[in-house]
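Notes to accompany the following structure.
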Amino acid sequence: RYYAQFEQKYLAEQRRSEFPIINQMHEIETQADFPTSLSIGIGVGGSSFSHIQSLAEEAMDLALGRGGDQVVIKHESGDIEYFGGSLPTVEKRNKGRARIMAHALMQLVKSSDRVFIMGHARPDLDSIGAAIGMYTFAKSAGVSTDIILDNVGTAIDIIYEAALKTGRYSFISGEKAEQLATENTLVILVDSHIPAIAEYPPILQQVKRIAVIDHHRKSKDAVENPTLMHMETYASSASELVTELLQYAVDKSDIDKFDADALLAGITVDTKGFAINTGVRTFDAASWLRRMGADNANVRSFFKLKLDFVKKKSNIMANAEILGGGVAVAYTKDSDPAMQILVAQAADELLDVRGVHTAFAAGRGKDLTMVSARSLGQVNVQTVMEKLGGGGHLNIAAAQVEEGPEEAIARVVSVMREAGLL
């Protein structure tokens with residue numbers, strides 16, 4: 001790690017050229033089987049040298065938390081700029097770290113009087129799968145545990161009903177959790193690290209003990225000072241991370257077949273059936289879940305859709321347009337409460353079209369326009385969605401905007417052109 005101090009005029013020059021040193025590093029040849037990369041954190045506008053250094057260190061933590069290979073500039077005002085981040089993250093996790101995290105989290109659970117688990121708002125199969133896995137993790141310690149779930153949408157209605165039928169899991173509302181929470185209550189947030197998009201944000205303001213388990217690139221709006229944070233951008237999904245934690249801290253006899261089904265479904269949805277974002281550890285996790293009783297037929301049943309939903313998705317696909325450079329866009333002027341899932345699946349399926357490596361789909365939800373982005377790796381869709389106020393991963397990202405779907409897609413196209421991607 002190196003430190004440097006320089007005048008702001010040089011920063012302006014680098015900002016205009018978008019820090020070419022990041023791409024120049026990729027050209028360095030090494031014996032390693034992955035490209036050389038560089039991460040830079042820059043602090044701007046501090047009241048003293050120590051303040052500027054603190055801003056720079058926070059920027060560096062953010063750059064590394066987002067997978068590295070990028071420049072992050074943090075201003076005294078709190079504004080943050082991102083440059084680079086075009087390389088896919090390379091799997092660097094080791095079993096030692098996962099084991100340490102598992103035991104640390106178990107100790108945290110055992111020292112709590114109650115545990116609440118929740119994912120992000122409008123949960124998908126990875127969010128609910130990880131929550132179900134963490135429920136078993138916490139219950140194995142003999143601690144009262146509940147999953148906070150206020151909204152059951154199209155993406156999880158089947159698995160939710162199946163979970164209720166087992167009689168194994170406790171689901172409660174956010175308001176009920178607020179009533180039950182004490183100073184010694186632990187909240188485990190899975191598949192997200194941003195309070196604003198959690199299933200029930202107020203509970204994070206109420207409790208003092210928060211653990212975060214997530215695989216997304218770190219945002220500037222992350223939970224502040226969590227008791228424990230297990231963030232691995234190299235993981236395919238939150239369900240993969242939870243699977244590893246279960247292996248190291250929970251006896252196999254405490255793990256139910258439904259836990260395994262739910263976690264495998266979570267991994268499956270975020271990897272598009274093991275087609276993207278997979279590493280050796282992803283397949284190790286899936287193999288272990290199969291040994292725990294996961295059934296592919298059960299997992300597939302969680303993905304079944306109603307005919308009406310399929311027709312709505314087909315309507316979005318029918319309006320698709322392929323732009324230059326392998327980019328496809330699609331939108332619908334219709335509105336639907338399940339639009340977030342509709343556009344996500346539409347963008348997924350657009351990647352199956354010949355010649356398409358990046359896809360964007362948009363449609364109006366209840367109050368906002370949902371924009372979903374998918375990529376096979378040629379384009380970092382996370383940086384594109386961040387320009388719209390969203391975020392995600394290099395391959396999978398999304399945003400919610402005020403304007404209509406047509407205007408939202410126009411903004412996406414504009415961002416792509418400004419970045420030289422179209």
Response to the item:
For ARG16 and ASP256, extending 7 Å from Cα along the Cα-Cβ vector and measuring point to point gives, in nm, a value of 6.3 nm
Worksheet item: Where does segment 147-236 land on the Kirkwood hydrodynamic radius, alpha-carbon pairs, in angstrom?
Response: 14.3 Å
Item to complete: Write down Rg/Rh for segment 8-84, rounded to two decimals, with Rg from the C-alpha atoms and Rh from the Kirkwood relation over Cα pairs.
Response: 1.02
Worksheet item: Contour minus end-to-end for SER47 and LYS9, with contour as 0.36 nm per residue of separation and end-to-end as the Cα-Cα distance?
Response: 11.9 nm
Worksheet item: Could the peptides 157-163, 259-265 be put in order, highest first, of the mean number of other beta-carbon atoms found within 10 Å of their residues?
Response: 259-265, 157-163
Worksheet item: What number comes out for the charge environment of ARG168, summing +1 per Lys or Arg and -1 per Asp or Glu over other residues with Cβ under 15 Å away?
Response: -3
Worksheet, complete the sentence: Quick shape check on segment 184-279: root eigenvalues a ≥ b ≥ c of the Cα gyration tensor, a/c under 1.5 is rounded, otherwise prolate if a/b tops b/c, else oblate, and it reads oblate
Worksheet item: Can you tell which of ILE21, VAL384, MET339 lies farthest toward the positive end of the dipole of the chain, using +1 and -1 charges on the Cβ of basic and acidic side chains (Lys, Arg; Asp, Glu)?
Response: MET339
Worksheet item: What percent antiparallel are the DSSP beta bridges of segment 95-301, to the nearest 5?
Response: 5 percent
Item to complete: Obtain the nm distance between the two label points defined at ASP61 and ILE80 by a simple spin-label model: each point lies 7 Å from its Cα along the Cα-to-C-beta direction.
Response: 1.1 nm
Item to complete: Compare the peptides 116-123, 16-23 by average per-residue count of other Cβ atoms within 10 angstrom and give them in order, highest first.
Response: 116-123, 16-23
Worksheet item: Looking at segment 316-418, what % of the alpha carbon pairs are farther apart than 24 Å?
Response: 9 percent
Worksheet item: So what is the relative contact order of segment 87-178, in percent, for Cα pairs below 8 Å that sit 6 or more residues apart?
Response: 27 percent
Discussion item. Once you keep just the Cα pairs under 8 angstrom separated by 6 or more residues, what percentage relative contact order results for segment 8-84?
Written reply: 28 percent
Worksheet item: If the cut-off is a Cα-Cα distance under 27 Å, which lysines reach LYS95, setting aside same-chain residues fewer than 8 apart in sequence?
Response: LYS110, LYS139, LYS218, LYS252, LYS257, LYS272
Discussion item. Please check: in the Gaussian network model of the chain (C-alpha springs, under 10 Å), which one of SER39, SER50, SER192 has the largest mean-square fluctuation.
Written reply: SER50
Worksheet item: From a point 7 Å beyond the Cα of VAL143 in the direction of its Cβ, which residues of segment 111-136 have a backbone N at a distance under 14 Å?
Response: 111-118, 134-136
Worksheet, complete the sentence: GNM of the chain, Cα pairs under 10 angstrom: of ASP150, ASP251, ASP126, the biggest fluctuation goes to ASP251
Discussion item. Can you report the principal axis dimensions of the chain using only the alpha carbons, biggest first, rounded to whole angstrom?
Written reply: 62, 54, 46
Fill in: Highest-MSF residue in the chain out of VAL353, VAL384, VAL115 [GNM, Cα springs under 10 Å]
VAL353
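Where a number appears in this text, it was derived from the coordinates with a stated rule and is not lab data. For clarity, every value in this text was computed on a predicted model and none was experimentally measured. FYI the Cβ positions are ideal-geometry reconstructions off the backbone, even for glycines, and counts take in every protein chain you see.
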